[in-house]
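Notes to accompany the following structure.
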Amino acid sequence: MYVPFEALGEPGDEVDVCLIGGGAAGVAMAVRLARQGHRVLLCEGGDQIFSARSQTLYEGEVQGDPYPALEDTRLRYLGGSTNHWGGISRPLDRYDFAAKPAAPDTAWPIEREALDPYYADAAEILDLQPISPDQEIAGASLKRIHFSLGNPVRVGQKYAGELSELPTLRCCLAANLFGLDTQDGRVTSATFKNYQGDLRRVRARYFVLACGGIENSRLLLWCNRQTQGRLIPQSATLGRYWMEHPHATVGHALILDPAPLDLVDHYNIFLSPTVEAIKERGILNCGLRLHRMDDVVTQRLIDELTAVAPALARRFDALNRQGDGIYSLLLRAAWEQEPRRENRIELTREVDSLGMLRARLVWRQSPLDVRTIRDSTLLFGDYLRNHDIGRLQLADWLTTAPIRPPAEGELAGRHHMGGTRMSHSPEHGIVDRDCRVFAQDNLYIAGSSVFPSVGHANPTLTLVQLALRLAAHLEGRLSRQAAYLNSGILPSGSSAGLVSRLAAAST
């Protein structure tokens, strides 16, 4: 049920899990845990629908390569950025979880098999269509890949009934996280602030921060400063290794034989390099998006080809006039970005209307990033030329030296990832393989901010899989604590410290 802000923090009002953030990850976890009978509080800083008072809190600064204004890249109300996403989804490739020769920091502390059990439930939450398996294209160093392209779900709307009616779930809107208190390695309470400046303190066994790939970092940087570094003592990577999926138009192509790419029945197809090509070229992952163009564009490209390959142009022109299978394609791409410490979220000196410091994004593409997109595009050009079935025309920006990504156009997918990366140790990340903040026994992070690397696939499916995995982990902890406390029997080898921790977790 929905509760007013004034009802937060009343005496005896402790909950099992306090979820902070009502986007895809937060809503998925709240509904999953409440269905199991756990007492859940979901606090969303925005309103039920879009409001200027909430959205302006996302304003910030950008330094580095051209990037859209931060407030234009995400939405701050119930449902989060699922309120404007396109619904395009596929899992990360298995290879995306491993260290790549060109960028060893791409390794995750888990493999994709850790997420596979949560695929079906995540697909149901996101209303995804079945995704066909990838198919390697003979002689191309490329594979045909597939996405779910169904209607994009709005999780705030889809789960509106359960957010209102689940008996153990309470949802509070306009509740903005403003502080986290910690003692002896546990978060003892979270402080929330409304738009009138009122404060409420919430106690819970577990806290989960699920506010997105910029705000997770911003909020932890703010709260860590408030606690003089006690929340995250080893904070060298906090906010760092931030990543995006750069997007751009990369060229046009003319193709004679559409059969290998299945262009006869499909206007849009998707390709990516094979694992072997990624290793051999020393690049990262990339998704090429091929869109069929109309006959006017086809003839224009044939005319332009006359200047560089007149014999081939005459051949194309003759076939095109006969209506004999000439296709023109627009090539767009989204590619993996190298995880680099320099790319980061940090705090500015400007405060928002709640009195919290705003975020600054420092973001630049590396030489490996631009080489990844150039080489991936050339793999397609090599395939057309080597099989004499077409020709590729690169976009102008890919033909200059040094290559500089375009300063306008798509720029990026608005996919905010990294900043609270998952790692084996606190020296190299913020959360462990269970998404628990290393220095806190009961504080977890949900969402794409925990990604150590990003592949090329849109992140929503993966972050929901991670959220469901985290929900299962919390279910296990809550069940074990309840069993131990009810039986009075502690597990073999337990210590007095465990007794006190269990008692603290039960209150």
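The values are calculated or read from the model by the stated rules, or taken from the named source; none is laboratory data. Here the structure is a predicted model, which means the values were calculated and not measured. A quick note on method: Cβ atoms are made from the backbone with ideal geometry, for glycine too, and the neighbour counts reach across all protein chains shown. In case anyone asks, the SASA skips ligands and DNA or RNA and just uses the protein heavy atoms, side chains included. Shrake-Rupley method; radii C 1.70, N 1.55, O 1.52, S 1.80 Å.
Kindly report the accessible area of the chain per residue (heavy atoms of protein chains, probe 1.4 Å, no ligands, DNA or RNA), in Å².
Values: 20260 Å² over 507 residues.
Value for the chain: 40 Å² per residue.
Across the protein chains, with a 1.4 Å probe defining accessible surface, the residues Met422, Met293 rank Met293, Met422 from largest area downward. Note on Leu271: accessible area approximately 0 square angstrom, rounded to 10, probe 1.4 Å, nucleic acids and ligands left out.
In a reduced charge model with +1 at each Lys and Arg Cβ and -1 at each Asp and Glu Cβ, the chain shows a dipole moment near 960 debye about its Cα centre. Note on Ser51: accessible area approximately 20 square angstrom, rounded to 10, probe 1.4 Å, nucleic acids and ligands left out.
Report the FRET efficiency, 1/(1 + (r/R0)^6), for Asp352 and Thr399, where r is their Cβ-Cβ distance and R0 is 35 Å, rounded to 0.05. Working from the Cβ atoms, E equals 0.20.
Think of it as helices only: each DSSP H run of n ≥ 4 in the chain is worth -39500 (n - 2.57), and spread over all residues that comes to -8000 deg cm²/dmol at 222 nm. With the gyration tensor restricted to C-alpha atoms of the stretch 199-263, the semi-axes of the equivalent ellipsoid amount to 47, 16, 10 Å, longest first. All other residues whose Cβ lies under 12 angstrom from that of Glu410 are scored, Lys and Arg at +1 and Asp and Glu at -1, for a net of +1.
A protection proxy built from the mean count of other Cβ atoms within 10 Å ranks the segments 224-235, 115-126, 301-312, most packed first, as 115-126, 224-235, 301-312.
Counting only Cα atoms, the size of the stretch 101-150 along its three principal axes is 35, 31, 15 Å, in decreasing order.
Taking a straight Cα-Cα cut-off under 24 Å and skipping sequence neighbours fewer than 8 places away in the same chain, the lysines within cross-link reach of Lys100 are Lys143, Lys279.
The C-alpha atoms of the chain define a longest principal axis, and helix 367-386 lies at about 40 degrees to it.
Could you compute Rg(Cα) / (2.2 N^0.38 Å) for the chain, with N its residue count?
Values: Rg = 24.9 Å, N = 507, 2.2 N^0.38 = 23.5 Å.
The value comes to 1.06.
Accessible surface of Asp181, taken over heavy atoms with a 1.4 Å probe and every protein chain present, rounds to 50 Å². Partner lysines whose Cα lies under 29 Å from the Cα of Lys158, excluding those fewer than 8 positions away in the same chain, are identified as Lys193. May I ask you to give the percent of accessible area on the chain that is carbon plus sulfur, with a probe radius of 1.4 Å? Heavy-atom surface of the chain belonging to carbon and sulfur, 1.4 Å probe: 49 percent.
Ellipsoid semi-axes for the stretch 358-399, based on the Cα gyration tensor and the rule √(5λ), read 32, 10, 8 Å when sorted largest first. Each of Ala236, His38, His252 was scored by the projection of its Cα onto the charge dipole of the stretch 5-483, and the greatest displacement toward the positive side belongs to Ala236; charges sit on the C-beta of Lys, Arg, Asp and Glu.
The distance from the alpha carbon centre of the stretch 47-71 to that of the stretch 268-324 is 38 Å, rounded to a whole number.
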